[in-house]
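Below you'll find the structure, written out as structure tokens, and then a few comments.
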Amino acid sequence: MIPFPAKVAAARAAAGLSRRAGAGGGTSLPGKLLLRIAPDAVTRLSSRLAGGVIALSATNGKTTTAKMLASMLEPEHRLCRNAAGANLASGVASALIGCRHAELGVFEVDEAALEELAPALRPRVLGLGNLFRDQLDRYGELELVAARWRRISDGPWRIVRNADDPLVAALPAGAGSLSYGIDDPAVALPELPHAADSKWCAACGERLHYDAVYLGHLGAWRCPACGNARPPLDVAATSVRFDGLAGTDITVATPLGARRVRMPLPGLYNVYNALAAVAMACAAGGVPLGRMAAGLEAFGPAFGRFERVATGAGEAVLVLSKNPAGANEVIRTLAHDPAPKRLVVALNDRIADGRDVSWIWDVDFELLAPGVESVVTSGTRAAEMAMRLKYAGVDPDVMRVEPDLAAALDTAVAAGDGPAYVLTTYTAMLELRGALTRRGVVPPYWEAA
Amino acid sequence: MTDLRICHLYPEHLNIYADRGNIAVLRYRCERRDIAFAVRGCGPGDPLPEADLYYLGGGQDRDQVAVAGDLVARSGDLRAAVDGGAAVLAVCGGYQLLGHGYRGHAGDDMPGTGLVDLVTEAGPTRMIGNIAIRCELDPGRPRTVVGFENHAGRTHLGEGVEPLGQVLHGHGNNGADGGEGVRTGRVLGTYIHGPLLPKNPWLADWLVGASLERRHGTVALDPLDDALESEAHRVAERIAAAG
């Protein structure tokens with residue numbers, strides 16, 4: 001029988017080969033190989049991390065939240081992370097193979113893989129963020145994902161949960177759990193959006209009442225029938241102020257005290273990501289409030305999340321938009337800057353994007369239409385995307401259909417001054433980055449993260 | 001002025017596959033032709049509005065069960081509306097509710113309206129993927145419908161009941177008999193979403209025409225510029241064929 005260290009070494013060598021062959025950064029392959037020959041590899045490798053593991057999952061914000069948490073912890077700790085967003089068992093195993101001298105693990109986990117990975121990683125702290133409808137063909141209904149989480153939330157770990165999400169707040173959580181949410185009605189939406197997912201009480205089925213709706217179905221909710229309500233917040237954001245696309249100011253209230261923080265990121269969803277990171281740092285312990293604030297203030301966007309990149313001929317802002325709740329927040333955030341924009345909207349239907357593209361009809365592109373100077377649609381479903389934008393009120397005369405991603409980007413960049421905004425699904429973003437990497441203008445994605 | 005009245009049944013519960021896209025397409029294709037368009041929602045317990053077209057979408061299992069009883073209680077009213085010339089479009093879960101009911105694996109049975117002679121039973125796996133079917137709603141004019149299907153139910157049509165079309169690529173009603181959906185008169189049911197109507201504008205126009213007949217007789221519909229729709233249809237058919 002081959003000893004475990006030899007198996008790890010073989011998988012590690014495979015990562016190097018994959019990278020040299022130009023087949024990608026080896027963010028999944030070595031782990032996949034290792035798990036085939038050592039199914040318990042995640043447990044064996046993660047148990048070597050002296051400081052333990054912090055794990056988190058959510059439909060939206062996993063990569064950004066993990067990066068924020070890392071930004072708070074990195075000055076004091078050597079971290080092991082799956083930073084490029086490979087968040088299935090193979091990705092987590094690959095990350096563990098790649099970091100030999102780390103002491104603390106920070107892992108984002110795919111929402112459907114959490115049921116398998118939480119028992120394997122045995123995290124000290126488990127962050128449970130939002131649940132939104134996403135890739136129904138791959139994940140199934142939202143209720144099924146919630147049921148998977150319900151089976152593991154009551155484990156031997158400290159739960160950090162998004163109290164503003166009724167579905168997440170309904171999960172069992174043991175002693176020492178922390179709840180986070182937003183407490184600032186000034187940034188609330190006028191009503192629950194049409195695409196809201198969880199508007200019924202998890203306890204009794206009655207329609208929930210919202211004192212404030214912040215994002216999708218996230219907000220200050222309560223059930224008028226049975227008294228079920230948003231749990232008290234241990235970590236909260238108050239006095240949220242947006243500074244266009246440049247940044248956001250928030251006051252973060254925590255068990256360690258309150259602090260005014262300037263984040264260099266736009267959008268309310270990033271406030272949720274920051275709260276999740278702060279609450280997990282509080283639950284992990286040993287991180288002073290000043291360190292948390294500094295981590296948020298020094299933060300650069302995770303790759304493809306309002307990330308500015310050079311294209312060779314100009315500049316683009318890459319914005320991952322992969323499900324209705326996420327895309328609606330992107331559109332709401334773009335509206336913080338009223339100047340008309342040149343857009344690329346790239347829609348792929350590969351497996352990692354979800355093969356079913358129905359979701360674009362749950363996105364409020366109608367709100368985007370007035371701020372459009374020109375649009376190039378792209379990806380495997382470029383024409384379908386253009387059709388959706390036509391129904392949203394975008395003038396067909398300012399639209400072009402260009403399935404080739406790099407050509408679409410170049411067309412949009414060349415059409416005017418200032419950056420082109422690129423709204424893109426997951427695989428379209430990786431393909432676009434690949435094209436820009438081959439031009440030598442951006443680093444490969446496994447280094448950019 | 002010509003006008004079309006739509007009743008959207010259970011818009012709060014049955015909306016999982018972007019059903020509002022279907023409504024948006026019907027609205028667009030009416031308003032472009034100066035046909036006034038009105039849509040009214042109908043939730044559990046609300047009085048059933050009089051309408052030319054009743055729309056039923058798909059929902060999560062829990063939401064579907066939550067409205068099934070309410071819908072079944074209205075079976076008589078719906079039957080009367082259909083007999084009076086109203087059209088029906090039912091997609092996914094809504095399609096299953098058109099029939100006699102849904103037989104689940106264990107205790108999760110769901111009653112149906114019995115508006116159409118069909119029955120659905122839970123299958124061992126979900127049928128998921130791109131789909132294309134060939135239909136002939138108007139004799140001698142075969143057309144294709146493209147979209148996406150995602151259902152665990154196997155639907156079986158009663159003796160002599162016609163499917164909406166024959167499967168070219170994909171699974172269809174039950175993965176066995178080659179049929180997809182159902183069509184009886186002005187009542188259409190289908191598993192195809194995507195949503196259904198944007199990429200199949202000819203079907204949207206067929207529904208608009210069929211729905212208008214009740215109060216306005218045959219209305220000639222001017223052609224619209226469907227260049228993007230046709231291209232999206234062509235791409236979807238190619239992707240469905242590739243499997």
Item to check | Unit charges at the beta carbon, dipole of segment A:334-435: most positive-side option, A:Thr377, A:Ala428, A:Val344 | outcome: A:Ala428
Checklist outcome for this item: Here the gain from full extension of A:Asp395 to A:Ala310, 0.36 nm per residue of separation minus their alpha-carbon distance, amounts to 27.8 nm
Item to check | Angstrom value of the Kirkwood radius, inverse mean 1/r, which spans all Cα pairs in segment A:305-448 | outcome: 14.8 Å
Checklist outcome for this item: Largest fluctuation, A:Ala383, A:Ala346, A:Ala83 only, Gaussian network model of chain A with Cα springs under 10 angstrom, belongs to A:Ala383
Checklist entry - Under the definition of partner shielding as Cβ atoms of other protein chains within 10 Å of a residue Cβ, what is the mean value for peptide A:357-370? => result 4
Checklist outcome for this item: A chain fully extended from A:Asp243 to A:His209 at 0.36 nm per residue, minus the present Cα-Cα distance, gains in nm 9.2 nm
Item to check | Whole-number percent relative contact order across segment A:1-159, with pairs defined as alpha carbons under 8 Å at least 6 apart | outcome: 27 percent
Checklist outcome for this item: With +1 on the Cβ of every Lys and Arg and -1 on the Cβ of every Asp and Glu, the dipole magnitude of the protein assembly as shown about its Cα centre, in debye rounded to the nearest 20, is 2560 debye
Item to check | Sites excluded, GluC sites (Glu not before Pro) in DSSP loops with at most 16 other C-beta within 10 Å, longest stretch of chain A | outcome: A:207-449
Checklist entry - Not counting the cut sites, what is the longest span of chain B without GluC sites (Glu not before Pro) that DSSP labels loop and that have at most 15 other Cβ atoms within 10 Å? => result B:51-135
Checklist outcome for this item: Scan of chain A for trypsin sites (Lys or Arg not before Pro) in DSSP loops with at most 13 other beta-carbon atoms within 10 Å gives a longest site-free stretch of A:101-438
Checklist entry - Within straight cross-link reach of B:Lys199, meaning Cα distance under 19 Å, which lysines are found once same-chain residues fewer than 8 apart are removed? => result A:Lys390
Next on the checklist: Can you tell me what percent of all Cα-Cα pairs in segment A:243-309 are more than 18 Å apart?
Outcome noted: 32 percent
Checklist outcome for this item: chain B: relative contact order from alpha carbon pairs under 8 Å, six or more residues apart, as a whole percent, is 20 percent
Next on the checklist: Suppose only helical runs count, i.e. DSSP H with n ≥ 4. What mean residue ellipticity at 222 nm does that imply for chain B under -39500 (n - 2.57) per run, divided by all residues and rounded to the nearest 500 deg cm²/dmol?
Outcome noted: -9000 deg cm²/dmol
Checklist entry - For chain A, what is the calculated [θ] at 222 nm in deg cm²/dmol (nearest 500), taking -39500 (n - 2.57) for each run of four or more DSSP H residues and dividing by its residue count? => result -10000 deg cm²/dmol
Checklist entry - Considering only protein heavy atoms and a 1.4 Å probe, what is the carbon-and-sulfur percentage of the accessible area of the protein assembly as shown? => result 52 percent
Checklist entry - When only Cα pairs under 8 Å and 6 or more residues apart are kept, what is the percent relative contact order across chain A? => result 13 percent
Checklist entry - Label 7 Å along Cα→Cβ of B:Arg32; segment B:174-199 residues with amide nitrogen under 12 Å? => result B:198-199
Checklist entry - By accessible area of protein heavy atoms, probe 1.4 Å, what ranking do A:Tyr139, B:Tyr191 get, highest first? => result A:Tyr139, B:Tyr191
Checklist entry - So for chain A: antiparallel DSSP bridges make up what percent, rounded to the nearest 5? => result 40 percent
Checklist outcome for this item: Percent of all Cα-Cα pairs per 5 Å bin for segment A:164-228, counting from 0 up to the last occupied bin, reads 4, 19, 27, 25, 17, 7, 2, 0
Checklist entry - Can you give the Kirkwood hydrodynamic radius for the protein assembly as shown, in Å, rounded to one decimal and based on Cα pairs? => result 26.5 Å
Item to check | Label-point separation in nm, A:Arg438 to A:Asp404, each point 7 Å along Cα→Cβ | outcome: 1.0 nm
Checklist entry - Using a Förster distance of 41 Å, how high is the FRET efficiency between A:Cys99 and B:Arg238, based on the Cβ-Cβ distance and rounded to 0.05? => result 0.40
Checklist entry - How crowded by other chains is B:17-25, given as the mean number of beta carbons from other chains within 10 Å of each beta carbon? => result 5
Checklist entry - With springs only between Cα atoms under 10 Å, which of B:Arg103, B:Arg141, B:Arg27 fluctuates most in a Gaussian network model of chain B? => result B:Arg141
Next on the checklist: Averaged over its residues, how many other protein chain Cβ atoms are within 10 Å of peptide B:226-237's Cβ atoms?
Outcome noted: 5
Checklist outcome for this item: At 37 °C in a medium of viscosity 0.692 mPa s, chain B has a Stokes-Einstein diffusion coefficient, with Rh taken as the Kirkwood radius over alpha carbon pairs, in µm² per second, of 184 µm²/s
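The values are calculated or read from the model by the stated rules, or taken from the named source; none is laboratory data. All values derive from a computational prediction rather than experimental measurement. Ideal geometry is used to build each Cβ from the backbone, glycine not excepted, and the neighbour counts take in all protein chains shown. What goes into the accessible areas is simple: the full protein's heavy atoms, side chains included, and nothing from ligands, DNA or RNA. Shrake-Rupley method; radii C 1.70, N 1.55, O 1.52, S 1.80 Å.
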